[in-house]
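Before any comments, here is the structure.
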Amino acid sequence: MPYVHIELIEGRSQEQKDALAKDIIESVIKHTGVPRKHVHVIFQDMKPENHYSED
C-alpha cells in the first residue's frame, strides 16, 4: 500500500487538498499499477512559524 505524506503550510481549503490528492493518486496508480483502494494520501498542515526558507 503506498502512503504519500504531504506537508503544507496551513491555509489550503479542503477542496484544494482533495484535488491535489486525486492527482497524486492517479499518478501513483499510473506509475505503480496498484489498485486505487490501496493508495493513501496523508496531509499534515504546518503553522507558518514552524517553517523556514530563505526564499
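In segment 5-17, what residues are in a helix (DSSP H, G or I) and exposed (fewer than 13 other Cβ atoms within 10 Å of the Cβ)? Quick ask: steps written out before the conclusion?
Here is the first cut: in segment 5-17, the ones in a helix (DSSP H, G or I) are 14-17.
Those that are in a helix (DSSP H, G or I) and exposed (fewer than 13 other Cβ atoms within 10 Å of the Cβ): Gln14, Glu15, Gln16.
Against the condition of a type outside the set (Val, Ile, Thr), surrounded by 13 or more Cβ atoms within 10 Å (Cβ to Cβ) and modelled with pLDDT of 95 or more, how does Pro2 come out, does it pass? Before you say what the answer is, go through the steps one by one.
Working: of a type outside the set (Val, Ile, Thr): yes; surrounded by 13 or more Cβ atoms within 10 Å (Cβ to Cβ): yes; modelled with pLDDT of 95 or more: yes.
Yes, satisfied.
Please go through segment 32-50 and pick out each residue that is under 15 Å from Tyr3 (Cβ atoms) and not polar (S, T, N, Q).
Matches in segment 32-50: Val34, Pro35, Arg36, Lys37, His38, Val39, His40, Val41, Ile42, Phe43.
Pull out all pairs, ordered by first then second residue, where Cβ-Cβ is under 7 Å, the residues are six or more apart or on different chains, the first lies in segment 31-53 and is assigned to a strand (DSSP E or B), and the second is among the aromatic types (Phe, Trp, Tyr).
From residues that are assigned to a strand (DSSP E or B), the pairs are His40/Tyr3; Ile42/Tyr3.
Of the residues Ile29, Ile42, only one is modelled with pLDDT of 95 or more and surrounded by 12 or more Cβ atoms within 10 Å (Cβ to Cβ); which? Walk me through how you get there before you give the answer.
Working: Ile42 fails: surrounded by 12 or more Cβ atoms within 10 Å (Cβ to Cβ).
The conditions single out Ile29.
The values are calculated or read from the model by the stated rules, or taken from the named source; none is laboratory data. On a predicted model such as this, the values are computed, not experimentally measured, just so you know. Backbone-built Cβ (ideal geometry, glycine too); neighbour counts: all protein chains shown.
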